[in-house]
1. Between region 113-152 and region 1-78, what is the separation of their alpha carbon centroids in Å?
2. Quick one: 3J(HN,Hα) in Hz for region 120-136, Karplus 6.51/-1.76/1.60 with θ = phi - 60°, rounded, Gly and Pro as x.
3. Rounded to the nearest 0.05, what FRET efficiency is calculated for Arg17 and Glu304 with R0 set to 35 Å and r the Cβ-Cβ distance?
4. Greater than 24 Å separation of Cα atoms is the criterion. Which listed pairs, Lys72/Lys139; Lys227/Lys267; Lys350/Lys391; Lys350/Lys378; Lys39/Lys323, meet it?
5. Pop out the ³J(HN,Hα) list for region 32-43 in order, Karplus 6.51 cos²θ - 1.76 cosθ + 1.60 with θ = phi - 60°, rounded to Hz; leave Gly and Pro as x.
6. As a quick test, which of the pairs Lys141/Lys336; Lys435/Lys460; Lys103/Lys313 have an alpha carbon distance above 23 angstrom in this structure?
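Just so it is clear, none of the values below were taken in a lab; they were calculated from the coordinates. From a predicted model like this one, the values you see are computed outputs, not experimental measurements. With ideal geometry, Cβ positions are generated from the backbone for all residues, glycine too; neighbour counts draw on all protein chains shown.
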Amino acid sequence: MGFVVVHMQKIKAGGVRGIQSHNNREHPPKTNPDIRPDKTADNYDLVSERNYSRKIKQTIKSQATETKTVRKDAVVLCNFIVTSDEQTMRNLGADRQRAFFEKSLAWFADRYGADNIVNATVHMDETTPHLHIGLVPIKNKRLSAKNLFTRQELQAIQSDFAAQVGAEFGLERGKEGSERKHLSEQQLKLKTAEKELAAVQAKIEKLNRQLEQKHKSLNSLITASTKIHKQAMAEEKRVYSYHAEQEEPAVKSLPGGNVVVKKDHFKELLEIAKIYAANYSTFQNLTYKENEIASSFARTKQLEHKAFELWNKQANLSVDYRKLLEENISLRESNKKSFSDLKRTKALLKDAQQQMNDFKGLEELRGYEVKTIGKAVKCLLNDENLTERQKELLKGIVHYAGCDQEPAEIGGVLAGMIPKTEKQLRAQYKRVCMKLEDICPLEERMNLLEEKRKLEKTLKIEPNPPQETIKRKPRGHDKSR
């Protein structure tokens with residue numbers, strides 16, 4: 001009795017095209033050596049669909065009415081693989097296999113809704129016949145694989161499916177509470193190939209032991225046959241040499257092809273014939289053993305050839321598995337970097353929002369020209385500490401403001417929002433002092449004095465003490481006169 005295998009794979013929007021290509025065999029297989037193109041014609045559909053993305057969108061629109069928008073990283077398709085081990089599926093036969101797959105589809109349609117089924121495809125061109133069922137995870141009119149396929153629901157699927165479908169075909173549930181985990185497709189194929197290789201090697205060793213025993217038996221039979229043959233030849237030689245010494249020949253030819261043999265000679269020939277008759281079955285058994293050994297040798301050669309093919313298959317799967325691991329590690333590093341960039345961008349946006357909230361003159365920005373903001377943002381693109389992602393975001397703002405061809409500048413109200421460096425403040429302080437030395441209207445002079453006072457406070461410059469007024473003597477006054 002075999003075990004039921006029901007394995008689920010979550011597919012996001014970016015992976016729909018790949019699972020469609022695999023199920024419908026739209027392209028020649030490159031990473032799956034188990035697919036035999038000469039058997040692809042035996043595949044068949046229980047629910048046929050050539051455009052998964054269109055079907056998924058239609059299903060979400062009609063069934064998930066409570067879902068307003070679909071996130072880019074949302075799971076839009078759950079792909080179930082239904083099968084058992086290779087030997088069990090082969091023993092079912094073609095008719096019972098199809099009945100098993102049809103009842104499996106009916107069970108999933110009854111449990112999760114026939115309208116949510118996207119596809120159901122049976123693959124007969126791989127090592128083990130299996131069924132792919134794709135369904136859109138909808139619960140309470142919402143798209144949510146997390147809420148529909150909880151840990152408890154996945155365990156219930158294993159138990160209920162085995163009891164309601166598998167039991168009819170002699171299949172049972174796997175060990176409940178087992179610590180064994182689902183393997184990926186490449187890991188499963190690698191493990192299966194290793195098991196097949198080990199089984200073939202064991203069979204070869206068993207046949208080699210049997211062949212060795214038969215060789216020993218054959219050698220003993222050959223030795224016994226050679227000994228009997230030598231004894232018979234020696235006896236025949238002795239008889240002929242004895243009669244050659246007699247005056248009359250032991251055998252006389254008569255007309256008509258008959259011969260006359262002496263009585264003593266006839267007895268000796270009869271003894272030789274009895275020896276051959278007694279060992280005739282031995283010679284026959286010897287011939288049978290020789291043929292059996294030749295057949296075993298041919299079978300051993302076939303098994304060795306199959307073992308060599310399995311070894312090559314295992315080596316290819318190991319290479320593919322290593323490549324997938326390296327690609328997975330690379331993707332993880334890329335995801336970490338992207339997450340770090342996203343986190344930094346969020347922090348910058350948060351700081352900018354805080355600065356905007358703290359800015360007292362925010363009301364003055366209302367109705368301000370968008371191009372002024374775009375020009376100011378364009379100045380930030382020269383910051384070397386920005387990541388590529390942050391630069392793309394800023395370029396998007398500049399493009400939205402229509403400032404791609406405009407010069408980068410900070411002006412208007414935004415000039416007060418951008419913090420200035422100490423060097424810029426000192427230059428501004430110098431300009432204010434120079435203006436105060438010139439003659440200017442009283443109101444402008446008061447504003448310049450206020451600005452100078454603020455700059456001195458910011459730059460922590462001690463104000464100059466007021467100079468004593470020097471009284472000038474009236475012209476023409478001289479004490480010496």
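1. Cα centroid of region 113-152 versus Cα centroid of region 1-78: 8 Å apart.
2. Each residue's phi maps through the Karplus curve to give 8, 10, 9, 9, 9, 9, 10, 4, 10, x, 8, 10, 9, 10, x, 9, 7 Hz.
3. Given R0 = 35 Å and the Cβ-Cβ separation, E is 0.25.
4. Lys39/Lys323
5. 10, x, 6, 6, 9, x, 5, 9, 4, 4, 7, 5
6. Pairs exceeding 23 Å: Lys141/Lys336; Lys103/Lys313.
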